[in-house]
1. Which condition breaks for ASP46 when tested against (1) modelled with pLDDT of 75 or more; (2) more than 21 Å from GLN136 (Cα to Cα); (3) surrounded by 10 or more Cβ atoms within 10 Å (Cβ to Cβ)?
2. Collect the residues in region 1-42 that are part of a loop (DSSP other than H, G, I, E, B) and surrounded by fewer than 17 Cβ atoms within 10 Å (Cβ to Cβ), keeping them in residue-number order.
3. Quick check on my filter: what residues within region 83-106 are out of contact with any Lys or Arg (no Cβ under 7 Å at 6 or more places or on another chain) and closer than 22 Å to LYS34 by Cβ?
4. Please find, within region 102-148, the residue that is surrounded by the most Cβ atoms within 10 Å (Cβ to Cβ) out of those that are outside any helix (DSSP H, G or I) and either more than 21 Å from the chain's Cα centre (by Cα) or among the hydrophobic types (A, V, I, L, M, F, W, C) (or both).
5. Test LYS71 against the criterion of being farther than 20 Å from SER6 by Cβ, in a loop (DSSP other than H, G, I, E, B) and at pLDDT below 90, and give yes or no.
Amino acid sequence: MSVFTSRVTKSMTVSGLTVTYRKLSPKQLEGAGKASTMKSLQALKDIGGHAFLREIEDLGAKAQTVTPEVKAPEPAKPDPMMLFDRDYVLSKGILKWESDEAVPPLSDDAISDMDDDTADALARAILTLSKPSLFQSADEAEADRKNG
């Protein structure tokens with residue numbers, strides 16, 4: 001496999017659409033992360049920003065005074081897709097697509113017109129190619145660490 005991310009490509013067929021995609025560079029992964037953060041911050045601002053967070057904290061404090069001591073469950077491993085903006089990943093990762101039926105030319109508008117399941121499958125494939133460790137279980141990561 002090449003050390004140059006733009007040369008690492010794969011193809012997959014999903015929902016009748018054959019898509020060629022590439023490995024994202026570290027800079028592109030960083031951009032996808034920043035885009036996700038900015039969307040989250042905007043959503044927080046839209047629902048009231050700091051005042052809303054203060055209300056949530058107050059509710060949590062009240063709940064702690066009433067709730068008996070309960071051991072918290074182990075936190076689940078977060079979905080790596082939550083760390084990256086899906087539209088950004090698709091826009092930077094998809095190189096071309098083709099189908100037996102007529103499809104629009106590859107563009108950001110066409111990408112945003114894809115159905116949710118197709119977009120999700122493609123974004124996961126791009127991120128898995130770009131940074132496979134994001135999708136490893138704890139056991140797989142430990143095995144990789146030991147095998148060096």
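The values are calculated or read from the model by the stated rules, or taken from the named source; none is laboratory data. Keep in mind that this is a model prediction, so the values were computed, not measured. Don't worry about glycine lacking a Cβ; one is built from the backbone with ideal geometry, like all the others, and counts go over all protein chains shown.
1. (3)
2. MET1, SER2, VAL3, PHE4, VAL8, SER15, GLY16, SER25
3. Answer for region 83-106, where residues must be out of contact with any Lys or Arg (no Cβ under 7 Å at 6 or more places or on another chain) and closer than 22 Å to LYS34 by Cβ: LEU83, PHE84, ARG86, ASP87, TYR88, VAL89, LEU90, SER91, LYS92, ILE94.
4. So, considering only residues that are outside any helix (DSSP H, G or I) and either more than 21 Å from the chain's Cα centre (by Cα) or among the hydrophobic types (A, V, I, L, M, F, W, C) (or both), the one surrounded by the most Cβ atoms within 10 Å (Cβ to Cβ) is MET114.
5. Judged against the criteria, LYS71 is a match.
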